[in-house]
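Worksheet: the structure to be examined is printed underneath.
Read-outs throughout are calculated quantities, based only on the coordinates presented, and are distinct from any laboratory measurement. Everything numeric here is computed off the predicted structure, so don't read it as measured data. Every residue, glycine among them, receives a Cβ derived from its backbone with ideal geometry; neighbour counts consider all protein chains shown.
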Amino acid sequence: MTKPLVLLLGEIEHAHEEWASISEIADIIEPKARSREEFIKECKSGAFDNVVATYRTFQSVAITGLIDEELIALLPRSLKFIAHNGAGYDQIDVHACTAHGIRVSNVPTAVDDATADTNMFLILGALRGFNTSMIALRNGHWKGSPPPPLGHDPQGKVLGILGMGGIGRNLKKKAEAFGMTVQYYNRSKLSEELSGGAKYVGFDELLKTSDVLSLNLPLNKQTRHIISTKEFEQMKKGVVIVNTARGAVMDEAALVVALEKGQVWSCGLDVFEEEPKVHAGLIANPHVMLVPHMGTWTVETQTKMETWCIDNIRSAIEKGKLMSPVGEQKDI
Amino acid sequence: MISKPRILFLNPVRHAHPVYKNLSSVTQPELLSSKSRAELFQDFKGKYNNITAIYSTSSSYALAGKFDKELIQHLPPSLKFICHNGAGYDNIDIEACTARGIKVTNAPDPVTDATADLAIFLLLGALRQLNPAIFSLRNGNFKTGIDFGHDPQGKTLGVLGMGRIGRAVKRRAEPFGMKTIYHNRNKLNEDDAAGAEYVSFGRLLGESDIISVHVPLNSRTKHLIGEQEIQKMKDGVVIVNTARGAVIDEAAMTAALEAGKIAAVGLDVYEREPEINQILAKNSRALLIPHLGTHTTETLAKMETLAMENARRGCLGESLLTVVAEQLEKAGALTNEH
């Protein structure tokens with residue numbers, strides 16, 4: 001009996017043993033394509049016919065481009081499962097997948113700690129204004145001239161969390177150890193137990209009353225540019241903003257303007273609208289802390305994420321269903 | 001009419017202005033005008049010959065030089081108090097002050113939070129290898145070729161020196177899932193240790209995934225960590241120092257970092273500030289901050305306030321709040337208020 005076919009889009013970097021065990025229950029193929037054009041050609045050539053499930057990474061978008069209607073329509077009819085290695089799955093048009101009978105899974109929870117840790121690092125870095133002097137020191141100027149601006153302590157500051165999911169709730173616990181008071185806005189109010197006593201406020205109040213604003217929501221049609229010029233104008237003057245979610249939830253060009261005006265005092269960013277491109281206005285600003293999407297870039301978390309995603313593939317093959325279907329498909 | 005006691009401010013107050021204003025109603029504060037250490041010595045005989053207290057900061061040594069035996073000897077007989085607005089006072093010869101009947105106060109509490117916050121920033125940045133990533137982005141390469149870091153969850157944090165700052169670091173380390181062990185001159189009581197395990201210096205070196213330095217600098221702690229100590233550490237250890245540079249042999253640490261024995265360092269202090277070992281300064285796995293441990297508006301205001309309050313109390317004959325530890329240990333010394 002032939003084994004089912006699994007398409008690998010992207011690389012396995014850590015969980016090699018787990019991936020090797022998939023070869024016992026499936027045959028694995030990889031694309032020869034190195035661009036979307038080539039990938040589309042390869043699909044049309046029938047190279048992926050009979051593929052039942054695909055494991056894809058965030059970085060594989062460099063080959064396939066977004067998993068949108070155009071691409072999905074060209075995938076083999078046999079394909080029933082896409083296991084995405086990541087928490088954010090905005091690269092995939094889930095609606096189109098559903099329409100074509102394809103189920104999608106992501107990797108929740110395993111990303112929480114590492115992302116919240118990165119988030120806390122950025123809150124401290126931006127609030128304390130360390131970046132300017134980190135650069136001055138590396139250029140041989142010690143603190144720099146003029147001396148760096150004075151930073152601010154987190155104690156007693158209000159941290160506003162936009163999106164109180166797993167990462168937001170994880171962040172709350174860490175921020176409180178630094179004496180911050182946490183409030184949040186979420187599509188729905190959480191139970192006391194889940195929110196850990198954090199104050200639930202309306203979106204406008206979150207903007208108006210937070211000293212530090214942290215973006216921890218997924219990117220989709222409703223949240224694209226949810227933070228833009230109008231929202232910056234509502235915020236406290238001198239607010240600090242941190243984003244470890246997706247670049248496009250914030251209007252990057254508008255952020256640059258807000259920084260120039262002093263409306264936003266500093267920011268800490270791990271994500272950007274057009275990664276790996278970063279707005280020139282941010283690069284030119286030494287006072288902001290910019291990290292190149294390192295949110296889950298650790299040996300331990302990457303291994304956990306790959307393992308989780310591989311388990312989804314195994315579940316798809318052995319049980320005919322995914323372990324962790326994305327929210328939009330949970331009720332199907 | 002008795003004139004108000006004089007307080008010589010070696011550096012101006014920049015944040016706690018209302019407190020300075022209040023001080024002026026019961027004392028006579030004035031800002032130093034001497035242009036050099038030599039001129040200061042002369043002025044101690046001249047226009048400053050009846051000052052009661054000195055207010056100093058970590059920036060005071062630039063002009064006055066260290067507060068060593070020579071300087072202490074030149075102080076006028078009227079001088080009874082040196083009120084330092086920092087926590088570290090390794091540049092003040094306490095013995096010489098005690099011999100002259102001069103009380104020295106520092107500012108331990110205000111620095112605790114800001115220093116502990118920075119220690120965790122450095123810990124996360126070093127453990128997660130974020131420094132190479134930050135500079136890679138600014139050099140136009142985004143994430144290309146950037147190595148993986150490690151998570152703090154499940155790692156052992158070794159706190160060297162479990163004073164206020166060490167304990168504050170432990171409290172912050174907790175929600176990141178780190179287990180804390182500590183070494184201190186003395187074992188802490190259960191409440192203060194708050195669950196951290198007391199270990200020997202050797203065990204701290206051998207069992208820690210991350211070592212964070214929180215001891216004051218003195219003759220016993222200079223180069224407390226050198227080549228031999230580094231050899232005892234785990235391969236891939238991360239070292240954080242927000243205390244004083246000279247507690248660690250900078251050259252030995254640099255060599256071990258270059259060799260990969262130390263995976264990354266997070267430093268706020270250096271042996272010969274503002275000079276930094278040139279090889280260290282070029283290693284991207286070194287997250288380096290130029291001594292900004294308390295560089296916030298809120299903390300600087302608190303430090304200034306405490307030093308001024310000690311000066312006020314001294315001048316008015318009230319008990320001092322934070323006399324340095326060495327002077328408290330002496331028989332007959334004033335005890336601290338709290």
Ordering A:70-76, B:203-209 by per-residue average of other C-beta atoms within 10 angstrom, highest first, gives B:203-209, A:70-76
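Rounded to the nearest angstrom and ordered from largest down, what semi-axes does the equivalent ellipsoid of chain B get from its C-alpha gyration tensor (root of 5λ)?
39, 22, 18
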For region A:192-232, shape from the Cα gyration tensor axes a ≥ b ≥ c, cut at a/c of 1.5 then a/b versus b/c, turns out oblate
Rounded to the nearest 10 degrees, the helix A:166-176 long axis (Cα) sits at an angle to the longest Cα principal axis of chain A of 30 degrees
For B:61-72, A:80-91, ranked highest to lowest by mean beta-carbon neighbours within 10 Å, the order is A:80-91, B:61-72
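Taking other Cβ within 10 Å of each residue's Cβ, how do A:49, A:93 sort, fewest first?
So the residues, fewest neighbours to most, are A:49, A:93.
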If each part is reduced to its alpha-carbon centroid, region B:17-59 and region A:308-322 end up apart, in Å, by 75 Å
Assertion target for B:33, B:219, ordered by fewest C-beta neighbours within 10 angstrom first, is B:219, B:33
hull vol. (C-alpha, convex hull) per residue for the protein assembly as shown, Å³ -> 175 Å³
Checking region B:24-54 for trypsin sites (Lys or Arg not before Pro) in a loop per DSSP with at most 15 other beta-carbon atoms within 10 Å yields B:35, B:47
In nm², the average projected area of the convex hull spanned by the Cα atoms of chain A is 18.5 nm²
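Quick check on the exposure proxy: order A:43, A:267, B:315 from fewest to most C-beta atoms within 10 angstrom.
Lowest to highest Cβ neighbour count: A:43, B:315, A:267.
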Nearest 10, in degrees from 0 to 90: the angle of helix A:299-319 to the longest Cα principal axis of chain A is 30 degrees
In degrees rounded to 10, the 0-90 angle between helix A:252-261 Cα long axis and the longest Cα principal axis of chain A is 10 degrees
Given unit charges at Cβ for Lys, Arg (+) and Asp, Glu (-), the dipole magnitude of region B:112-288 about its Cα centre in debye, nearest 20, is 80 debye
Applying the span-like rule to chain B (DSSP H, Cα extent along axis at least 20 Å, Kyte-Doolittle mean at least 0.0) gives B:108-127
Ranked output for segments B:247-256, B:96-105, B:20-29 by mean other Cβ atoms within 10 Å, highest leading, reads B:247-256, B:96-105, B:20-29
Taking the convex hull of the alpha-carbon atoms of region A:205-332 and averaging its shadow over every direction gives an area in square nanometres of 9.9 nm²
Once the in-chain neighbours fewer than 8 apart are removed, the lysines whose Cα is under 21 Å from residue B:21 read B:4, B:302
Counting sequence-distant residues (5 or more places) and residues on other chains, those with an amide H built under 5 Å from that of residue A:266 are A:241
Relative contact order of region B:112-288 (C-alpha contacts under 8 Å, at least 6 apart) in percent is 22 percent
In the structure shown, of A:230/A:304; B:35/B:80; A:32/A:80, the pairs separated by more than 29 angstrom at the C-alpha atoms are A:230/A:304
A student applying the Cα gyration tensor rule (rounded when a/c is under 1.5; otherwise prolate if a/b is larger than b/c, oblate if not) would label region B:112-288 prolate
Once amide hydrogens are built 1.01 Å from N within the peptide plane, the residues lying 5 or more places from residue B:264 or on another chain with amide H under 5 Å from its amide H are B:239
